[in-house]
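Let me begin by presenting the structure, written as structure tokens, before commenting on it.
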Amino acid sequence: MSIIQITDLKKAYDTNLVLKGINLEIAAGQIVGYIGPNGAGKSTTIKILCGITSEFEGSVHVMGMDVRKDAMEVKSKIGYIPELAALYEALTPVEYLKFSGKLYNLDDATIVKKTNELLRLFDLHEKANTRMTSYSKGMKQKVLLISGLIHNPEIIFLDEPLSGLDANAVILVKEILAQLKIAGKTIFYSSHIMDVVEKISDRIIIIDKGEVKADGTFEELKNNAHEGSLENIFTSLTGDSAQTQSTAQDFINVLNS
Amino acid sequence: MDKLILRFVLFIVKTFLKKDVDFEKLKIIAETKLILDRRRVRLAMKNNAAKKEPGNQILVTLIVYGIMGLFIAFTIPIIKDIVISMTIIHCYVLFMMAMTLITDFSSVLLDTTDNQIILPRPVNSKTFFVARLVHILVYLLQFTIAVALFPIIFTFIVHGFFVGLACIFTILLTVLFSVFLTYLLYGLILKFSTEQRLKDIISGFQIVMTIVFAVGFQIVPRLFKVDKLMHFTMPIHWYTYFLPPLWMANLLESVKTFNADVPHIAMIFLAITVPLFTFWIMIKFLAPSFSKKIAALGNAGDETTSEEKNAAAHKIPLSEKLSPILCSNKTERAGFELAWKMTGRDKSFKIQFYPSLAYIAVFAFVFIFSSSKNYAATWHNLPNTNSFLWFVYLPMFTISTAIGLIAFNENFAASWIYFSRPLQKPGSLISGALKSILVKFMLPVVIILFAFAYYVWDYKIIDDFVLGIFNNILIFMLLSHISKSYLPFSMQPNLKQQTGKFIQVLVQILVIGALVWLHYLAIKVWWLVAALIPISAISCYFLLRTVQNYSWQKIAT
């Protein structure tokens, strides 16, 4: 049985149709890369799957539960890590994680224990009681990761989890995702970093303008598109590579003029 | 204080708790929100608390409010008529609460991070709603207590127990009404305007708020000297029916005098029903549509603004029209235009600088009338004095603060651009910025002061003003020259901002004092003022050249 089931999902902001009928079934224990250009509808899909946005057409089931009817139940079983460091910067990581943990009904002792250990593993224990206003993007991203995982969720949704992380942290996060998969968790994430997606995903879904353009393992995508790398497949599906080239040429021409 | 109030509010909530509200989650959300309130840096108070990690910002604000309240509370024993004093008190409460809600709490109301942080967690919408309500209640109560504590105490003392009780009641009604006004304002702005515009308007209110604080502490104590105001009475006119603070004041008068004639009963009726009715309208109609709009803020595209922007791009801004006339090279023009635009847009500059402009009016008033009790006679005698020298040199005390301010900006890191460009004489950037301030701020101020002085003293002050303008520029340039030469907007705020201030102020006072004294002496010889003009002008020119030619060695970082 699939752990995520999306049937004919449509979503509009005002009159602007962002998702135009998405159909997806995702099996438990997979790492799914969900990629597409800006404005393709990635974040919107993730928000609907997490029960954050409940105004949409079609049906969405997560772990067999309707995300509209059982939003609370869904939210407590999944972890959501939003993009671009959306957190209360005036708090310290310890305070923020305590806040976030309590909203998952965890008790104080568990939160404190887990928080300390996880912060140490992420090399943040020395700044654990410093307010996050002075934190770099990567440090905030680490705190967000912890806050989305602290309740040990079954499915983890990540929106651009690697943005702002330094090279070592990217490797660490990749490794954590791989370990989570071994532990039987399902991971659904969006990203712009193609070579990472290419390497760690069991399944890659490319969407553009609210529609699924390609879906399968990297090998399958490669065979269908006759292109070498994910980046090439991506531009061939979502953009116009001849157009890109001529834009670049025009750019140089203007500089020379 | 917030924790105490929170406990009180939570206690009440717990007793009326509905079954689908999760009390533990409610509590942690409200607590966290209050911590965030405490730590939010309030721009209006920035000067007072230049610390890196604000411990309890809100407490500082509350204390300032409390002191302000103490000032205002003195109207109660001093002013004889209860209607007048209570009108002042309620006006004050209404104004302060509405302003606080607009300027400070707006950042809470307009914050969409909640959607990203709390919505993904298993918190049901009832709990979330009640948590927000509790937070707003605690916030309002804190400020109500700070604003109204002293006025209420004074009312109990002066007017007795029952009027005091009634006063608590009318102040709460006034607070309700101020909440309604705030929502109404937001609703209107969001309906007819964009999000960016809303932020601009809010920062405008913040500037007004800072000015009111700055000026209020100077003016209010002086008002008590005005005898007329002390014995003024205020019967009910037709317009009384449109002014909420007057309803409250008349209600209190009725309580005090047991007066229950028809107009007073109408007043009491209005005082009680209107705030409650408008509050009901707010909860029923305004708040829901408002929260929908807020939720949409994050998602709305900027399609509407691109057209306006294109239209604006075709018009050459004033700064770019002026710079070729006033600046001698391209680097200087760049500095001029940058400073002109940034001073108009950077909120922290505006909040720190604009109140000092308002001080000019306060100083003018204070200097001229400081010693006298009889304003009319002083005013009458004014043309025979040399007080116009105050008007000539007033701009200096305030405009020169901009020299320090333009060096600092939140976006200081962007100054890499100066260092990566092939600039021979970076001093031109500074001189351009200085010219920008002179033209944008000093010129209008001088014109207004001149117009006023001309009205009072007639043509005989023209030569003094011309000399004064050059002397002002001279002092301005000199201050810039002796203080550290930072490139415009290149320094991190709060770190170096305070250092060296004392010396600068000392030199400022000495130089200004010397020049004003010389000018004062020169007035006695009829041709001397005119003769000094070229000397001052030439000195200005040479100082300007010096600044323009600063090399990289002279630039402080």
- Item | Charged-residue dipole, Cβ positions (Lys, Arg, Asp, Glu), the protein assembly as shown about Cα centre, Debye nearest 20 | 2180 debye
- May I ask you to derive the relative contact order of chain B, considering only C-alpha pairs under 8 Å and at least 6 residues apart, and to give it as an integer percent? 15 percent
- Task: Give me A:Lys11, A:Lys181 ranked fewest to most by other Cβ atoms within 10 Å of their Cβ, as a rough exposure proxy.
- Result: A:Lys181, A:Lys11
- Based on a Kirkwood Rh over C-alpha pairs, give the Stokes-Einstein translational diffusion coefficient of the range B:430-557 at 4 °C and viscosity 1.567 mPa s in µm²/s. 79 µm²/s
- Please give the calculated 222 nm ellipticity per residue for chain A, where each DSSP H segment of at least 4 residues contributes -39500 (n - 2.57) and the sum is spread over every residue; nearest 500 deg cm²/dmol? -13000 deg cm²/dmol
- Anisotropy class of the range B:1-41 from Cα gyration tensor, a/c 1.5 cut: oblate
- In straight Cα distance, which lysines are under 18 Å from B:Lys440, not counting same-chain residues fewer than 8 positions off? B:Lys321, B:Lys341, B:Lys347, B:Lys350
- Please work out whether chain B counts as rounded, prolate or oblate from its C-alpha gyration tensor, where a ≥ b ≥ c are the square roots of the eigenvalues and a/c under 1.5 means rounded, while otherwise a/b larger than b/c means prolate and anything else oblate? oblate
- Message: Using the Cα centre of the range A:1-136 as the reference point, and only Cβ charges (+1 on K/R, -1 on D/E), how large is the resulting charge dipole? Debye, rounded to the nearest 20.
- Response: 80 debye
- Query: Taking the convex hull of the alpha carbon atoms in the range A:23-96, what volume per residue do you get, in Å³?
  - Reply: 143 Å³
- Note on the structure: The lysines whose Cα lies under 19 Å from the Cα of A:Lys113, excluding any fewer than 8 residues away in the same chain, are A:Lys98, A:Lys102, A:Lys127, A:Lys142
- Message: To test your reading of the geometry: what angle, between 0 and 90 degrees and rounded to tens, separates the Cα axis of helix B:427-437 from the longest principal axis of chain B?
- Response: 60 degrees
- For A:Asn152 and A:Ala27, what is the calculated FRET efficiency with R₀ set at 25 Å and r taken between the beta-carbons, to the nearest 0.05? 0.80
- Query: Relative to the longest principal axis of chain A, what angle (0 to 90°, nearest 10) does the C-alpha long axis of helix A:108-121 take?
  - Reply: 50 degrees
- How large are Rg and Dmax for the range A:151-196 when only the alpha carbon atoms are used, in Å? 10.7, 30
- Not counting the cut sites, what is the longest span of chain B without chymotrypsin sites (Phe, Trp or Tyr not before Pro) that DSSP labels loop and that have at most 13 other Cβ atoms within 10 Å? B:259-525
- Query: When DSSP beta bridges are limited to those with both residues in the protein assembly as shown, what percentage is antiparallel, rounded to the nearest 5?
  - Reply: 50 percent
- Value at 222 nm in deg cm²/dmol, rounded to 500, when DSSP H runs of n ≥ 4 in chain B each add -39,500 (n - 2.57): -23500 deg cm²/dmol
- Treat every Asp and Glu Cβ in the range B:448-557 as -1 and every Lys and Arg Cβ as +1, leave all other atoms uncharged, and give the resulting dipole magnitude about the Cα centre to the nearest 20 debye. 440 debye
- chain A, Gaussian network, Cα under 10 Å: of A:Asn16, A:Asn232, A:Asn105, the residue fluctuating most is A:Asn16
- Using the structure shown, list the pairs from A:Lys174/A:Lys199; B:Lys191/B:Lys284; A:Lys77/B:Lys292 with a Cα-Cα distance above 21 Å, or answer none. A:Lys77/B:Lys292
- What do you get when you divide the Cα radius of gyration of the range B:126-212 by 2.2 N^0.38 Å, with N the number of residues? 1.40
- Among A:Leu9, A:Asn168, A:Leu97 the positive-end extreme of the charge dipole of chain A (Cβ point charges): A:Leu97
- Query: Per residue, what volume in Å³ does the convex hull of the Cα atoms of the range A:1-125 enclose?
  - Reply: 146 Å³
- Message: Bins of 10 Å, beginning at zero and ending with the bin holding the largest distance: percent of Cα pairs per bin for the range A:99-257, please.
- Response: 9, 29, 28, 19, 11, 3, 0
- How big, in percent, is the set of alpha carbon pairs in the range B:62-157 lying more than 22 Å apart? 43 percent
- Starting from the Cα coordinates of the protein assembly as shown, work out the convex hull volume and express it per residue in Å³. 210 Å³
- Message: Need the list of aspartates and glutamates near A:Lys42 for cross-linking: C-alpha distance under 15 angstrom, and skip anything on the same chain fewer than eight residues off.
- Response: A:Glu83, A:Asp159, A:Glu160, A:Asp208, A:Glu211, A:Asp215
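Read the figures in this text as sums done on the coordinates, not as results from a lab. Owing to the predicted nature of the structure, the values given are computational and were not obtained by experimental measurement. Virtual Cβ from ideal backbone geometry, glycine too; neighbours counted across all protein chains shown.
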